[in-house]
1. Can you give the FRET efficiency for Arg33 and Phe72, using 1/(1 + (r/R0)^6), R0 = 22 Å, r = Cβ-Cβ distance, to the nearest 0.05?
2. Can you give me the relative contact order of the range 8-90 as a percent, contacts being Cα pairs under 8 Å and 6 or more apart?
3. Calculate, in nm to one decimal, what Asp40 and Glu84 gain on full extension: separation in residues at 0.36 nm each, minus their alpha carbon distance.
4. Quick one: 3J(HN,Hα) in Hz for the range 31-39, Karplus 6.51/-1.76/1.60 with θ = phi - 60°, rounded, Gly and Pro as x.
5. Please compute the Cα-Cα pair-distance distribution of the range 8-90 with 10 Å bins starting at 0, giving whole percents from short to long.
Amino acid sequence: MGTPSFSVEADTCEKQTVIREIEALLLEKLSIRVESVDADLFEIGALDSSALVRLLLYLEEDYGWHIPMEDFGDMSYSVANIAELIANRESVKPPQPGSSELPSSGE
């Protein structure tokens, strides 16, 4: 296994920021208030399959965070897990359209 490219503090700060963004998006776009970021949104009845698809679309449209459903594997659909997937993707961000930069493996 390789060494993480972020320090634990930076990774935690980034994940907390992403968690706040996801919570705000859930509330604003889907009228879902999350009591616990670790709760499985399906198990607590906050999400169904169509709401999950809308959430993933909003994450991509509003923030540019593309998360295929397959990436969840056997993980629960919690805000914390969604944020973890996003934080891991952000560390290997693709270049912006029109940019000649290569993807970065982290800062």
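1. Taking R0 as 22 Å, the efficiency between Arg33 and Phe72 is 0.50.
2. 41 percent
3. Contour length minus the Cα-Cα distance gives 14.4 nm.
4. So the J values, rounded to whole Hz, are 6, 10, 9, 9, 7, 9, 5, 9, 6.
5. Using 10 Å bins, I get a P(r) of 18, 59, 22, 1 for the range 8-90.
Bear in mind that the values in this text are calculations on the coordinates, not laboratory data. These numbers come from a predicted model, not from an experiment. Positions of Cβ are generated from backbone atoms using ideal geometry, with glycine treated the same way; all protein chains shown enter the neighbour counts.
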